[in-house]
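Encoded as structure tokens, the structure appears first; notes follow it.
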Amino acid sequence: MIQPLTDAKPYTLTPGSNGVIETQTLEVSIGPQHPSTHGVFRMDCVLDGESVVALKPVMGYLHRNHEQLAERMAWLGSMPYTDRLDYFNSMTNNWAYALAVEKLAGIKVPDRAEYIRVIMAELTRLLNHSCVIGFMLQDLGAWGTPLLYAFRERERILDLYEAVSGSRMMCNYMRFGGVRVNLTDENLATAKDIATRFPRFLDEFEKLLTNNEVLLARTQRVGVLPKELAINAGISGPMARASGVDYDLRKVDKYGVYGRLEFRVPLGDIGDVYDRYYIRVLEMRESIKILQQALRDIPQGPHIAPEVKLRNFKIPPGDGYGRIEGPKGELGFYLVSDEGGKQPYRYHVRPPSFINLTILEDMCVGHKVADVVVILGSVDIVLGEVDR
Amino acid sequence: MDQVYKVAPQLLKFLSYLLGWLPWIGKPVAGFLSNPPAWFLLAVAIAIPILFVVSVFPGIFAYTTLVERKALGRIQNRIGPNRVGRWGLLQPIADGVKLLTKEDIVPRSADKFVHFLAPVIAVIPSVLLFSVVPVGAGLVPVDLNIGILFAFAISTASVLALFMGGWASRNKFSLLGAMRAVAQVVSYEVPMVLAAVAVVMAAGSLSTLAIAKAQGGGILNVTHWFVFRPWGFVGFILFTIGAMAESARTPFDIPEAESEIIAGYHTEYSGFKFALFQLGEYLASIAMAGITVTMFLGGYNGPGSGPGILGGLISMFWFFAKLGGMIVLTIWIRGTWPRVRVDQLMSFAWKVLLPMSIVNIVAVGMWHYIAIRPIAWVVTTLWLVLWFITLSKLAASENIEKREYRYAS
């Protein structure tokens, strides 16, 4: 509850006993309706002038009962719901859920399907990272120009998604044991075209932004996340890697066919907003490499394991945790199956946005209110995933 | 006004000739107009510039918004408004109608009177600014002998409206925006006035008309513009930055930074009150662009400008062309630059702009006292360049560094 200004105690501008003029702090509620909270998210800020003294992230405005819903539904039934978690990256959400179920049920995925999944996941990473940088610069006040440049590229990727899955954002594309529809040669040609065009877009993007003095002054040494804190708080994804934590599930788990593909993991040293920005640019360059390799190596074959019956799908009792390196970090699904096995007994999502958001206060305190939105933008949250 | 006063009798005679054909009232009106009393001539001479300012510049404002949206659209590879009229030409009118018909909301806990007064006050100084902007050879609404001083005094008054709006809204975002606006306008006033001092020294007058006149002559009426002097070039850049900060344009739009404090001081304004704030802000930035043109870009001087009807029309063309150029420049910057932070804005004003404008004043002195032009060119340029390098070294933020990234093995 925000206190009305009239209740504030009256004060005079006379120095107190210690010779310092006593001033009041101002409690500002940034959100839930605010242009830069990326959805219905609230930050209770206590400001001393323009500086942040304390900040409390308040979540839950977009709670949709995702986990409970999934526990009332057949295994496949919640696949479309995973699209709505992080609505920017429905493909990787699908994959994480499919991976968890496959682990639990012991399904072997055919090679072609694995390659298709890698292609889709890396396209998603390109899409997410370019747009995140755009949104972050929107928060910096760059008035949508970088964002709309990123959206121009995103459009091509979304067109491919539409051609493949019938939907631009809510793809619902992965299935247990493979993917729903096979990729045609035409789709693969489009993906190749995207992979060859994207580096040019990145060069243009970097030429316009990376050495811009205002951007450097606004982002360097702002919102520093130390390596120890990043590890202790369970931060994952580009955010952890910007702080110097060498943790990429594509390298650690080598799920899918990532073990066969060659790529590097860029690491930052300081962990400020600029590192988070630039690590994403470097990751996009690596993603393009992965994409080109996957498009070169993709074998012929079935796109889904033929033995999997999607109708009346049952899993023997047990529990399993499937995780992938989503664009935002470690996206995991913890599933428990009990007798009957028609639906999950327990269904839990480990959303990277939510866990990356928990250390917001540590990064913001001491900075100006203008930095708060930039730091929030660099964390890369999607409220659908934070609140579930 | 003086020019109008001179031509007013002819104008009225022409009018009386037109109106003389009317039945009933034609004869007496024509008689009155063909031989007007002195007070009536004065009233006409006052009314015509007022009508000009009040009709032309809001029109420019309306179409500036359209040009801005179109240009921003092209910069962001969009199309921009194109639904209302051809090329969206009726868009400003549609916007005006929309804003007029919107519900006017006053927050319950707001100070209602001050909340109402603020947008009105926001427009007045902006309109008054135009009274000293010469739009053509000898064509200035009021040729004040302290024109530049008047312009600065008036433009600072606009901050009062911003603070009134922010304070009366009883909104914390408004209050933050108002605080930022006051701090920003007050600090950018100083380097801006000092940059203008250089021009005043060179022209030897505070009158805007005299300053514009001092830049005439030379090859094609162009080479004597102050911007083609070393000190004038530096002054132009300082003044443009100051003017952009004063009228809260990107990258200095922190009083209404959308991504941080929603809309700053006009968060709680809707409908036409909001439009009035916008009007005041845009008019102020257009007027500041006009003063920049007058002080540095030769004002109305250009090839073909001069006295007489034709020369006057050409001079008006040059003035408005330059004004349009300055407006497009601000739009271009808005489309391509991120916003700076409050503390960076302040340190930029006090650590870079202020010393540089003082250095610039010394440069004008050198220019004046070194009689041989080539030597004056070399000496002032060297002086300014050396100081610029020193200051940028001193003020360079210690935060900015070039980074190398490593890859995990």
- [ ] Could you give log10 I(q)/I(0) at q = 0.21 Å⁻¹ for region B:25-154, computed by the Debye formula over C-alpha point scatterers of equal weight, without solvent?
- [x] -1.18
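How large, in percent, is the carbon and sulfur part of the accessible surface of chain A at a probe radius of 1.4 Å? Could you put the intermediate results ahead of the total?
On the way: 7910 of 15060 Å².
It is 53 percent, rounded to a whole number.
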TODO: Quick one: angle between helix A:111-139 and the longest Cα principal axis of chain A, in degrees between 0 and 90, rounded to 10, please.
DONE: 20
TODO: Note the full-extension length gain between A:VAL365 and A:ARG200 as 0.36 nm times their separation in residues minus their Cα-Cα distance, in nm to one decimal.
DONE: 55.6 nm
Task: Global size of the protein assembly as shown as Cα Rg and Dmax, reported in angstrom - done: 32.1, 109
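State the percentage of accessible surface on region B:107-349 attributable to carbon and sulfur atoms; use a 1.4 Å probe and exclude ligands, DNA and RNA.
Details: 6220 of 8060 Å².
Answer for region B:107-349 is 77 percent, counting heavy atoms of protein chains only.
Net charge near A:PHE205, counting Lys/Arg +1 and Asp/Glu -1 over other residues with Cβ under 13 Å of its Cβ? Provide the component values of the computation, followed by the final result.
Numbers: positive: A:ARG152, A:ARG154, A:ARG197, A:ARG200, A:LYS207, A:ARG280, A:ARG285; negative: A:GLU153, A:ASP203, A:GLU204, A:GLU206.
The answer is +3.
Which FRET efficiency value, to the nearest 0.05, is calculated for A:ALA163 and B:ALA94 with the Förster distance at 35 angstrom and r the Cβ-Cβ distance? Write down the numbers at each step before the final one.
Working: r = 38 Å, r/R0 = 1.08.
That pair, A:ALA163 with B:ALA94, gives E of 0.40.
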TODO: Go ahead and estimate [θ] at 222 nm for chain B from helices alone: -39,500 (n - 2.57) per DSSP H run with n ≥ 4, summed, over the residue count, rounded to 500.
DONE: -23000 deg cm²/dmol
Open item on the list: What figure, in Å² to the nearest 10, do you get for the accessible area of B:LEU206 with a 1.4 Å probe and non-protein molecules left out?
Closed with: 60
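Holding the Cα-Cα limit at 25 Å, pick out from A:LYS103/A:LYS309; A:LYS227/A:LYS328; A:LYS251/A:LYS328; A:LYS56/A:LYS328; A:LYS227/B:LYS172 the pairs that are longer than that. Working shown, then result.
Details: A:LYS103/A:LYS309 16 Å; A:LYS227/A:LYS328 18 Å; A:LYS251/A:LYS328 16 Å; A:LYS56/A:LYS328 22 Å; A:LYS227/B:LYS172 35 Å.
Exceeds cut-off: A:LYS227/B:LYS172.
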Task: For A:GLU325, solvent-accessible area (1.4 Å; no DNA, RNA or ligand), Å² - done: 0
Open item on the list: Rounding to the nearest 10 and keeping the result within 0 to 90°, find how far the Cα-based axis of helix A:185-209 lies from the longest principal axis of chain A.
Closed with: 20
Task: Pairwise label distance in nanometres, A:HIS348 with B:GLU401, each label 7 Å out on the Cα-Cβ vector - done: 4.0
TODO: Provide the FRET efficiency to the nearest 0.05 for the A:LEU76-A:ASP253 pair, computing r from the beta carbons and using R0 = 30 Å.
DONE: 0.80
Task: Separation of the A:ARG64 and A:VAL181 label points, Cα + 7 Å toward Cβ, nm - done: 2.2
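Taking K and R as +1 and D and E as -1, what net charge do the other residues with C-beta under 12 Å from the C-beta of B:SER126 add up to?
Values: positive: none; negative: B:GLU246, B:GLU281.
So the environment of B:SER126 carries a net charge of -2.
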TODO: Would you mind working out the accessible area per residue for the protein assembly as shown, using a 1.4 Å probe, and quoting it in Å²?
DONE: 43
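Please state the charge dipole magnitude for region B:107-349, taken about the Cα centre, from unit charges on C-beta atoms (+1 on K and R, -1 on D and E), reported in debye and rounded to the nearest 20. Kindly include the intermediate steps, with their values, before the conclusion.
Values: 13 positive and 11 negative charges, 21 e Å.
Its charge dipole is roughly 100 debye.
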Task: A:HIS348 accessible area, 1.4 Å probe, all protein chains in place, Å² to nearest 10 - done: 70
TODO: Could you pull out every one of the aspartates and glutamates with an alpha carbon less than 13 Å from that of B:LYS351, ignoring same-chain neighbours closer than 8 positions?
DONE: B:ASP343
Task: For region B:107-349, alpha-carbon Rg and Dmax in angstrom - done: 18.4, 63
Task: Accessible surface ranking that places the most exposed of A:VAL245, A:VAL20 first, with a 1.4 angstrom probe - done: A:VAL20, A:VAL245
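For region B:133-223, what is the Kirkwood hydrodynamic radius in Å, using each pair of distinct C-alpha atoms?
Values: mean 1/r = 0.0653 Å⁻¹.
Kirkwood radius, region B:133-223: 15.3 Å.
Quantify how strongly other chains surround peptide B:329-338 by giving the mean number of their Cβ atoms within 10 Å of each of its Cβ atoms.
Values: counts 0, 0, 0, 0, 0, 4, 4, 6, 9, 19.
The mean count of partner-chain Cβ atoms within 10 Å per residue comes to 4.
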- [ ] Just tell me, in residue order, which DSSP H segments of chain B are both 20 angstrom or longer along the helix axis (alpha-carbon based) and at least 1.0 in mean Kyte-Doolittle hydropathy.
- [x] B:38-75, B:112-129, B:147-168, B:172-203, B:230-246, B:271-295, B:308-336, B:354-369, B:373-395
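Once every DSSP H run of n ≥ 4 in chain A is given -39500 (n - 2.57) and the sum is divided by its residues, what mean residue ellipticity at 222 nm do you get, rounded to the nearest 500 deg cm²/dmol? Provide the component values of the computation, followed by the final result.
Details: 15 runs with 176 residues, N = 388.
About -14000 deg cm²/dmol.
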TODO: At 0.36 nm per residue, minus the direct Cα-Cα distance, what do A:LYS207 and A:TYR87 gain on full extension? Give it in nm, one decimal, please.
DONE: 40.3 nm
- [ ] With all distinct Cα pairs included, what does the Kirkwood hydrodynamic radius of region B:216-344 come out to in Å, to one decimal, could you say?
- [x] 16.3
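Sort region B:110-152 into rounded, prolate or oblate with this rule: let a ≥ b ≥ c be the square roots of the eigenvalues of the Cα gyration tensor; rounded if a/c is under 1.5, and if a/c is not under 1.5, prolate when a/b is larger than b/c, oblate otherwise.
Numbers: a/c = 5.39, a/b = 3.03, b/c = 1.78.
Prolate shape, in that a/c is at least 1.5 and a/b is the bigger ratio.
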Task: Potential extension, B:PHE272-B:ILE219 segment - 0.36 nm per residue separation minus Cα distance - done: 14.3 nm
- [ ] Compare B:ARG229, B:ARG170, B:ARG83 in a GNM of chain B, Cα atoms joined below 10 Å, and give the one with the largest fluctuation.
- [x] B:ARG83
Open item on the list: Please compute the Kirkwood hydrodynamic radius of chain B from all pairs of different C-alpha atoms, in Å with one decimal.
Closed with: 23.4
Open item on the list: Report the A-B buried area as the accessible area lost on both sides summed, probe 1.4 Å, in Å² to the nearest 100.
Closed with: 4300
TODO: Select from region B:254-291 all residues whose loss of accessible area on going from the chain by itself to the full protein assembly reaches 20 Å² or more (probe 1.4 Å).
DONE: B:GLU258, B:SER259, B:GLU260, B:ILE262
TODO: Please report, to two decimal places, log10 I(q)/I(0) for region A:88-229 at q = 0.09, 0.12, 0.16, 0.18 Å⁻¹ as given by the Debye formula with identical point scatterers on the Cα atoms and no solvent.
DONE: -0.36, -0.60, -0.90, -1.02
- [ ] Please give, to one decimal in nm, the separation of the simple spin-label points placed at B:MET201 and A:MET170, each 7 Å out from Cα toward the Cβ.
- [x] 6.9
Open item on the list: My understanding is that a pair violates if its Cα-Cα distance is over 30 Å; which of B:LYS322/B:LYS393; B:LYS70/B:LYS273; B:LYS213/B:LYS273; A:LYS289/B:LYS402; B:LYS6/B:LYS322; A:LYS289/A:LYS368 do that in this structure?
Closed with: B:LYS322/B:LYS393; B:LYS213/B:LYS273; A:LYS289/A:LYS368
Open item on the list: In Å and on Cα atoms, what radius of gyration and Dmax does region A:217-279 show?
Closed with: 12.7, 41
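The values are calculated or read from the model by the stated rules, or taken from the named source; none is laboratory data. What you are looking at is a predicted structure, and each value in this text was computed from that prediction instead of being measured. For neighbour counting, all protein chains shown are included, and Cβ atoms are generated from backbone atoms with ideal geometry for every residue, glycine included. Just the protein is used for accessible areas: all its heavy atoms, side chains included, with ligands, DNA and RNA removed. Shrake-Rupley method; radii C 1.70, N 1.55, O 1.52, S 1.80 Å.
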